[in-house]
Amino acid sequence: MNKETRNSSRREKAADALGNITYSLIVGAMLDYSAGLDWIGILGSRGFAMAVNIPTSIPYGKWRNFLFNKTKTSDKKTRNLGGKIRRGLVDLLAFNTFQVPVYATAVAVGSYLSEGEVNWEKVQQGTEYLACISPLIGPTMGWYMDGFRNLFGVKTAPQKAEA
C-alpha cells in the first residue's frame, strides 16, 4: 500500500468516525429529549452512545462501502430520482443490518446494568422503535457521513462502488 492510499484510508476512517459520532450526538440528543430525558439524562445517554460509536463507526463505514459495492449502487447510478431512492434504500439496509443490532446490544447492556438482568421487552421495544424510524435516520446518516468524506477529500460510498 503506497503512502497516498494509506493517507486516503486514514482520512476515510477519520471522516466516518467523526460523521457517525456527530450524527449520533445531534440526532440522539433530539430523540433523548423527545423521550423526556432531562439534560443530565441526555448527557449520560450521549456519553454512553459515544462509547459505543467510537469502536463501531469505522466498521460501519466499511459496511456501507461493501453494500454500495455489492448492490452496484454507484454515484453515476444515483443521479436521477430512482437512483436517489436506490441510494436511500442501500443506506437503510446498511443502517438496519448494522446500527440496529448495535443499538439492541446497547439496550441489553443498559438494562442489565440498571436491572441486574436483560429486559428483553425493553430491547424489543427499543429495537422496533429504531427500525420504525430508520427510513428517516438511515439515509440521512449516510448522506451526512458522505458529507464528511467530501470534507476530508475521500470518495463517498457510492463513488467507491464505481471503482
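The values are calculated or read from the model by the stated rules, or taken from the named source; none is laboratory data. Predicted model only: the values in this text are computed from it and were never measured. Because the Cβ atoms are built from the backbone with ideal geometry, glycine has one as well, and the counts that use them run over all protein chains shown.
The residues of the range 24-40 that are under 15 Å from V107 (Cβ atoms) and part of a helix (DSSP H, G or I), listed by number, are S24, G28, L31, D32.
Within the range 22-47, being closer than 23 Å to A94 by Cβ and modelled with pLDDT of 85 or more holds for T22, Y23, S24, L25, I26, V27, G28, A29, M30, R46.
A Cβ distance below 6 Å, combined with a sequence gap of six or more or placement on separate chains, defines the contacts here; from the range 1-24, residues that are closer than 12 Å to L151 by Cα reach residues that are surrounded by 15 or more Cβ atoms within 10 Å (Cβ to Cβ) and charged (D, E, K, R) in the pairs A15/R149.
Residues that are among the hydrophobic types (A, V, I, L, M, F, W, C) and without any contact (Cβ under 8 Å) to a residue 12 or more places away in the chain were ranked within the range 59-88; the one that is surrounded by the fewest Cβ atoms within 10 Å (Cβ to Cβ) is L81.
Taking each residue of the range 124-152 that is crowded, with 21+ Cβ neighbours inside 10 Å and of a type in the set (G, A, S) and looking for partners that are in a helix (DSSP H, G or I) and at pLDDT 95 or above with beta-carbon atoms closer than 6 Å, six or more apart or interchain, yields G138/D91; G138/L92; G138/F95; G142/D91.
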